[in-house]
There are 2 protein chains.
Amino acid sequence: MNTLTEENYLKEIYKIAEEGDDYITTNDIARKINTKAASVTDMLRKLSAKKLIRYKKYYGVALTDRGKKIALSIIRRHRLWEMFLVKTLKFKWDEVHDVAEQLEHIRSEKLIQHMDEFLSFPKFDPHGDPIPDVNGKINFSKEKSIPLSEAKHDKNCEVTGVADHSVAFLQLLDKSGIAPGCKIKIKTMESYDKSLSLLLNGKKQLHISNQIAKNILVSNAERRNK
Amino acid sequence: MNTLTEENYLKEIYKIAEEGDDYITTNDIARKINTKAASVTDMLRKLSAKKLIRYKKYYGVALTDRGKKIALSIIRRHRLWEMFLVKTLKFKWDEVHDVAEQLEHIRSEKLIQHMDEFLSFPKFDPHGDPIPDVNGKINFSKEKSIPLSEAKHDKNCEVTGVADHSVAFLQLLDKSGIAPGCKIKIKTMESYDKSLSLLLNGKKQLHISNQIAKNILVSNAERRNK
DNA sequence: TAAATAATTTAGACTAATCTAAATTATTTA
DNA sequence: TAAATAATTTAGATTAGTCTAAATTATTTA
């Protein structure tokens, strides 16, 4: 059985690894966990002793299969709770993170199983991120999604998720009416700043900056030629 | 802000006080929290410094108003979660305690507010215990309930709750089909061991020991003459 | 490639919560 | 009411997680 803190470390290590880095540094983790490098080192030695990570001093860290499985089960719990908060308790998608961060550590297999069933086995959370199954497998990924900033013009595409999960960004999208499931068609692009004029769900006119477009992920969209 | 452990102490002190003891001893608490008396003493000094309890060495302990308010908010959270687990996630009433024990410490006003609303503001939890309102007030108590063992014969009464919350007892009731809301009529009492023959919901014949009857609480029942 | 800088680890300390064993206080009982 | 017993508190230690400051290792740059 792992402590709440150990669970958080495993989860964050997984998430950093997911961003592409093949070896993960002490400082990366310290930044994510919001703690000091020295504390991270201590925890890495502990997780290593438990064989949940492979750790080489001064070099870096990677999850073992056991560690990865635990990380995925925490992410599963987190994303199911987010889904519950948004769908059942009518939270807005920018309000769920901190609560889900607490709820993900509740220990009860049955709770998560029943929750999954109650929510009709959702495949994605409110931000469009895939929910791992009971075995920790991610069956539907955002792989085929691309940033809206790179999508072809004059062709409808569907919002599948976001690349930035910050409250500020989510609130902005919420205000504009953009959420996973929405249909977007790019009308024009201002070549000077790469900002986009859009049609949202076939009716609403919108203009968004390139920075925003880069953080909206869409599918059913061909990549525009460079 | 109080730690999870502090919350548990406050909650247990409240529950012991509720059982009628006007002053609460270190050993009472140690038994409830499942810890050693020395640890309790440490915590009492801490809670006293925070003015959440009144504590006199070698004498005993009582909650202050602030302490009581916190205890009641934890009990509110616990009972709302139990309700959610039973009503929404289809847990049996003997399965909810341990999970609710964890969930009660999740910090989010909004979560509890929305949960309360989602459950249509229940007044009682699945065991028939009253759920304190947002202000920590208990509006409907089990005051008028009496043990089934003391109820008048040949007169329908309604199960309002239980006096024993142990898993064993709840499972036994579940097996017999007894739950809050059931109608019970006492047919006969075996004078030798005070066991009772009952009619459950007007149809099912049952025979239960005095020990069981003492732990089933019922209302709309006159007390039998001694 | 050697010096400067950055990243990481170690050493030692702190807090919260717990424990055991010893000391103290309260209560019971003979 | 004095001795015996029970309850409680104190003293001192332990564990998990964290921290700062110093030492060590890696990387960059001149």
Distant-in-sequence amide H partners of B:Ala151 (H built 1.01 Å from N, under 5 Å): B:Arg224
Per-residue HN-Hα couplings for the range A:112-119 [Karplus 6.51, -1.76, 1.60; θ = phi - 60°; Hz; x = Gly/Pro]: 6, 4, 5, 4, 4, 5, 4, 8
Hz values of 3J(HN,Hα) by residue in the range B:153-167 - Karplus curve (6.51, -1.76, 1.60), Gly and Pro given as x: 7, 6, 9, 5, 9, 10, 6, 10, x, 10, 9, 10, 9, 5, 4
Volume in Å³ per residue [convex hull over Cα atoms, computed for the range B:121-186]: 101 Å³
Calculated [θ] (222 nm, deg cm²/dmol) that DSSP helices of n ≥ 4 give over chain B, each run adding -39,500 (n - 2.57): -12500 deg cm²/dmol
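Quick check: at a probe of 1.4 Å, how many percent of the accessible area of the protein assembly as shown sits on carbon and sulfur atoms?
Carbon-and-sulfur percentage of accessible area, whole number: 49.
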Sequence-distant residues sharing a close amide H with B:Gly161 (under 5 Å, placed H): B:Leu217
Estimated vicinal HN-Hα couplings, Hz - the range B:187-200 in sequence order (Karplus 6.51, -1.76, 1.60; Gly, Pro = x): 8, 9, 10, 6, 5, 5, 10, 6, 6, 10, 9, 10, 10, 9
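Work out the FRET efficiency for A:His165 and B:Thr88 from their Cβ-Cβ distance, taking R0 = 25 Å, and round it to the nearest 0.05. Can you show the working numbers first?
Details: r = 27 Å, r/R0 = 1.09.
Given R0 = 25 Å and the Cβ-Cβ separation, E is 0.40.
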Pairwise burial B:A, computed as accessible area of each alone minus the pair, summed, 1.4 Å, Å²: 1600 Å²
Anchor B:Lys155: aspartates and glutamates whose Cα lies under 16 Å away (excluding residues fewer than 8 positions away in-chain): B:Glu222
0 to 90° range, to nearest 10: angle between helix A:37-49 axis and chain A longest Cα axis: 70 degrees
Sequence-distant residues sharing a close amide H with B:Thr64 (under 5 Å, placed H): B:Ile53, B:Arg54
For A:110-119, mean number of other protein chain Cβ atoms within 10 Å: 3
Solvent exposure of chain A as accessible area per residue, Å², 1.4 Å probe: 54 Å²
Nm distances between copies for B:Lys110, ranked from closest, using label points 7 Å along Cα→Cβ: 3.1
Anchor A:Lys69: aspartates and glutamates whose Cα lies under 16 Å away (excluding residues fewer than 8 positions away in-chain): A:Glu6, A:Glu7, A:Glu12, A:Glu18, A:Glu104, A:Glu109, A:Asp133
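Show me the chymotrypsin sites (Phe, Trp or Tyr not before Pro) within the range A:97-156 that DSSP assigns to loop and that have at most 16 other Cβ atoms within 10 Å of their Cβ. All intermediate terms of the calculation are to be shown ahead of the outcome.
Working: sites: A:Phe118, A:Phe124, A:Phe140; in loops: A:Phe140.
Qualifying residues, ordered by number: A:Phe140.
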At R0 = 41 Å, FRET efficiency that the Cβ-Cβ distance of B:Asn220 and B:Ala62 yields, to 0.05: 0.75
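Compare the peptides A:159-170, A:182-193 by average per-residue count of other Cβ atoms within 10 angstrom and give them in order, highest first. Write out the running numbers ahead of the final one.
Working: A:159-170: 17.2, A:182-193: 14.7.
Packing order, densest peptide first, comes out as A:159-170, A:182-193.
I need the calculated FRET efficiency for the pair B:Arg54 and B:Ser141, taking r as the beta carbon distance and R₀ as 30 Å, to the nearest 0.05. Mind dumping the intermediate values first?
Details: r = 24 Å, r/R0 = 0.81.
The computed FRET efficiency comes out at 0.80.
Set the bar at 29 Å for Cα to Cα. Now go through A:Lys87/A:Lys137; B:Lys152/B:Lys175; A:Lys68/B:Lys32; A:Lys90/B:Lys46; A:Lys51/A:Lys137 and name every pair that lies beyond it.
Details: A:Lys87/A:Lys137 23 Å; B:Lys152/B:Lys175 25 Å; A:Lys68/B:Lys32 38 Å; A:Lys90/B:Lys46 38 Å; A:Lys51/A:Lys137 21 Å.
From the list (A:Lys87/A:Lys137; B:Lys152/B:Lys175; A:Lys68/B:Lys32; A:Lys90/B:Lys46; A:Lys51/A:Lys137), the Cα-Cα distance tops 29 Å for A:Lys68/B:Lys32; A:Lys90/B:Lys46.
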P(r) histogram, all alpha-carbon pairs of the protein assembly as shown included - 20 Å bins from 0, percent: 20, 43, 28, 9, 0
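The values are calculated or read from the model by the stated rules, or taken from the named source; none is laboratory data. Source: prediction; values computed, not measured. Cβ: placed from backbone, ideal geometry, glycine included. Neighbour counts: every protein chain shown. Remember, those area values only see protein heavy atoms, side chains included, never the ligands or the DNA or RNA. Shrake-Rupley method; radii C 1.70, N 1.55, O 1.52, S 1.80 Å.
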